[in-house]
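Heads up, the thing below is written out as C-alpha coordinates.
The values are calculated or read from the model by the stated rules, or taken from the named source; none is laboratory data. As the structure is a prediction and not an experimental result, all values here were calculated from the model. Every residue, glycine among them, receives a Cβ derived from its backbone with ideal geometry; neighbour counts consider all protein chains shown. Calculation scope for accessible area: heavy atoms of the full protein, side chains included, ligands and nucleic acids excluded. Shrake-Rupley method; radii C 1.70, N 1.55, O 1.52, S 1.80 Å.
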Amino acid sequence: DDLSPNTNYIVITNPDNHLVPHYLEYLLKGFANDSIIATYCSQFVHGYESWQKTTIIKNNQKSYPHIDWEIYKYGIIDTRLELGYIDCACVMLKKQYAVESGWGDMSHSSDWSYFDRVIKKYGKHSWKLVRGCLLTHN
(Lines give C-alpha, C1' and ligand atoms only; values in the text may rest on other atoms or scores of the structure.)
Protein backbone atom coordinates (compact mmCIF):
# COMPACT_ATOMS: atom_id res chain seq x y z
CA ASP A 1 0.00 0.00 0.00
CA ASP A 2 1.69 3.17 -1.25
CA LEU A 3 -0.98 5.43 0.19
CA SER A 4 -0.36 7.81 3.02
CA PRO A 5 -1.26 6.42 6.44
CA ASN A 6 -3.48 9.49 6.79
CA THR A 7 -5.61 8.44 3.82
CA ASN A 8 -9.03 7.15 4.89
CA TYR A 9 -11.00 7.20 1.62
CA ILE A 10 -10.26 6.55 -2.04
CA VAL A 11 -11.78 8.07 -5.18
CA ILE A 12 -10.46 6.93 -8.53
CA THR A 13 -10.97 9.37 -11.36
CA ASN A 14 -9.65 10.15 -14.82
CA PRO A 15 -8.56 13.40 -16.48
CA ASP A 16 -11.81 13.49 -18.47
CA ASN A 17 -13.93 13.69 -15.30
CA HIS A 18 -14.97 17.08 -13.98
CA LEU A 19 -16.11 17.06 -10.36
CA VAL A 20 -18.51 19.60 -8.88
CA PRO A 21 -17.22 21.96 -6.18
CA HIS A 22 -17.38 20.26 -2.78
CA TYR A 23 -17.63 16.83 -4.44
CA LEU A 24 -15.63 15.18 -1.65
CA GLU A 25 -17.78 16.71 1.08
CA TYR A 26 -20.96 15.40 -0.55
CA LEU A 27 -19.66 11.83 -0.74
CA LEU A 28 -18.15 11.95 2.75
CA LYS A 29 -21.56 12.80 4.25
CA GLY A 30 -22.77 9.33 3.25
CA PHE A 31 -20.39 7.69 5.73
CA ALA A 32 -22.44 8.73 8.78
CA ASN A 33 -23.07 5.04 9.56
CA ASP A 34 -20.04 2.82 10.34
CA SER A 35 -21.50 -0.07 8.32
CA ILE A 36 -21.16 1.96 5.09
CA ILE A 37 -17.97 1.15 3.17
CA ALA A 38 -18.72 3.07 -0.04
CA THR A 39 -20.76 6.04 -1.18
CA TYR A 40 -21.78 6.93 -4.72
CA CYS A 41 -23.62 9.80 -6.38
CA SER A 42 -27.10 9.28 -7.78
CA GLN A 43 -26.38 10.79 -11.19
CA PHE A 44 -23.61 11.93 -13.46
CA VAL A 45 -23.45 13.70 -16.79
CA HIS A 46 -21.87 11.65 -19.54
CA GLY A 47 -20.30 13.06 -22.69
CA TYR A 48 -22.78 11.20 -24.80
CA GLU A 49 -26.37 10.33 -24.17
CA SER A 50 -25.52 6.87 -22.89
CA TRP A 51 -24.70 3.37 -24.02
CA GLN A 52 -27.95 2.45 -22.25
CA LYS A 53 -29.93 3.86 -25.18
CA THR A 54 -29.84 3.32 -28.91
CA THR A 55 -28.75 6.13 -31.19
CA ILE A 56 -30.50 6.43 -34.56
CA ILE A 57 -27.90 7.04 -37.25
CA LYS A 58 -28.65 10.09 -39.40
CA ASN A 59 -29.67 8.15 -42.50
CA ASN A 60 -32.54 6.77 -40.36
CA GLN A 61 -32.11 3.33 -41.88
CA LYS A 62 -30.41 1.55 -38.98
CA SER A 63 -30.01 1.87 -35.26
CA TYR A 64 -26.86 0.90 -33.44
CA PRO A 65 -26.25 0.37 -29.72
CA HIS A 66 -23.39 2.88 -29.71
CA ILE A 67 -22.75 6.52 -30.34
CA ASP A 68 -23.00 8.43 -33.60
CA TRP A 69 -20.36 11.05 -32.90
CA GLU A 70 -21.99 13.43 -35.38
CA ILE A 71 -24.89 13.88 -32.95
CA TYR A 72 -22.71 14.08 -29.87
CA LYS A 73 -24.80 14.87 -26.78
CA TYR A 74 -24.52 15.14 -23.06
CA GLY A 75 -26.95 13.14 -21.03
CA ILE A 76 -27.64 12.39 -17.40
CA ILE A 77 -27.17 8.81 -16.27
CA ASP A 78 -28.99 7.66 -13.17
CA THR A 79 -26.44 5.50 -11.39
CA ARG A 80 -27.08 1.95 -10.31
CA LEU A 81 -24.73 -0.63 -8.90
CA GLU A 82 -24.65 -2.37 -12.28
CA LEU A 83 -22.34 -2.53 -15.27
CA GLY A 84 -22.98 0.43 -17.56
CA TYR A 85 -24.60 2.61 -14.93
CA ILE A 86 -21.66 3.84 -12.86
CA ASP A 87 -18.29 5.45 -13.48
CA CYS A 88 -15.24 5.10 -11.28
CA ALA A 89 -15.44 8.76 -10.22
CA CYS A 90 -18.99 8.29 -8.90
CA VAL A 91 -17.69 6.23 -5.98
CA MET A 92 -15.77 6.87 -2.77
CA LEU A 93 -14.55 3.77 -0.89
CA LYS A 94 -13.05 3.44 2.53
CA LYS A 95 -9.33 2.88 1.99
CA GLN A 96 -9.12 -0.58 3.56
CA TYR A 97 -11.79 -1.97 1.21
CA ALA A 98 -10.33 -0.26 -1.84
CA VAL A 99 -6.86 -1.66 -1.15
CA GLU A 100 -8.19 -5.11 -0.27
CA SER A 101 -10.10 -5.38 -3.55
CA GLY A 102 -7.35 -3.98 -5.77
CA TRP A 103 -8.04 -2.59 -9.21
CA GLY A 104 -7.35 -5.88 -10.99
CA ASP A 105 -7.29 -5.11 -14.72
CA MET A 106 -7.18 -2.37 -17.31
CA SER A 107 -10.15 -3.39 -19.46
CA HIS A 108 -12.85 -0.93 -20.55
CA SER A 109 -15.09 -1.99 -17.66
CA SER A 110 -12.37 -2.38 -15.04
CA ASP A 111 -14.10 0.09 -12.73
CA TRP A 112 -17.18 -2.09 -12.71
CA SER A 113 -15.12 -5.26 -12.08
CA TYR A 114 -13.49 -3.47 -9.14
CA PHE A 115 -16.82 -2.38 -7.63
CA ASP A 116 -18.44 -5.73 -8.32
CA ARG A 117 -15.79 -7.56 -6.27
CA VAL A 118 -16.48 -5.28 -3.30
CA ILE A 119 -20.26 -5.67 -3.70
CA LYS A 120 -20.04 -9.46 -3.91
CA LYS A 121 -17.98 -9.61 -0.73
CA TYR A 122 -19.78 -6.98 1.38
CA GLY A 123 -23.21 -6.57 -0.26
CA LYS A 124 -25.05 -3.62 -1.79
CA HIS A 125 -26.41 -2.75 1.66
CA SER A 126 -22.90 -1.51 2.58
CA TRP A 127 -23.06 1.14 -0.17
CA LYS A 128 -24.83 4.47 0.40
CA LEU A 129 -26.44 6.43 -2.41
CA VAL A 130 -25.78 10.17 -2.12
CA ARG A 131 -28.32 12.28 -3.97
CA GLY A 132 -26.83 14.59 -6.55
CA CYS A 133 -25.30 14.86 -9.99
CA LEU A 134 -21.69 15.29 -8.89
CA LEU A 135 -19.58 14.92 -12.01
CA THR A 136 -19.32 15.16 -15.76
CA HIS A 137 -17.54 12.41 -17.65
CA ASN A 138 -16.53 13.38 -21.19
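Taking θ as phi - 60° and the Karplus parameters 6.51, -1.76 and 1.60, the scalar couplings of the range 116-133 work out to 4, 4, 5, 4, 4, 7, 10, x, 5, 5, 8, 10, 10, 6, 10, 5, x, 9 Hz in sequence order, x denoting glycine and proline.
Solvent-accessible surface (1.4 Å probe) assigned to Ile119 amounts to roughly 20 Å². Within the full protein context, the accessible area of Tyr85 is estimated at about 50 Å² for a probe radius of 1.4 Å. Distances between placed amide hydrogens fall under 5 Å for Thr13 paired with no residue 5 or more residues away or on another chain. Counting 0.36 nm for each residue step from Tyr85 to Trp103 and taking away their Cα separation leaves a gain of 4.7 nm.
Computed on protein heavy atoms with a 1.4 Å probe, the accessible areas place Met106, Met92 in the order Met106, Met92, largest first.
A DSSP coil position with no more than 16 other Cβ atoms inside 10 Å describes the following trypsin sites (Lys or Arg not before Pro) in the range 74-131: Arg80.
Database remark: amide H of Val130 closer than 5 angstrom to the amide H of Tyr40, Cys41, Ser42 (H placed geometrically; neighbours at sequence offset of 5 or more, or on other chains; Pro and chain starts carry no H). Placing +1 on the Cβ of every Lys and Arg and -1 on the Cβ of every Asp and Glu, with nothing else charged, gives the range 98-138 a dipole about its Cα centre of roughly 280 debye.
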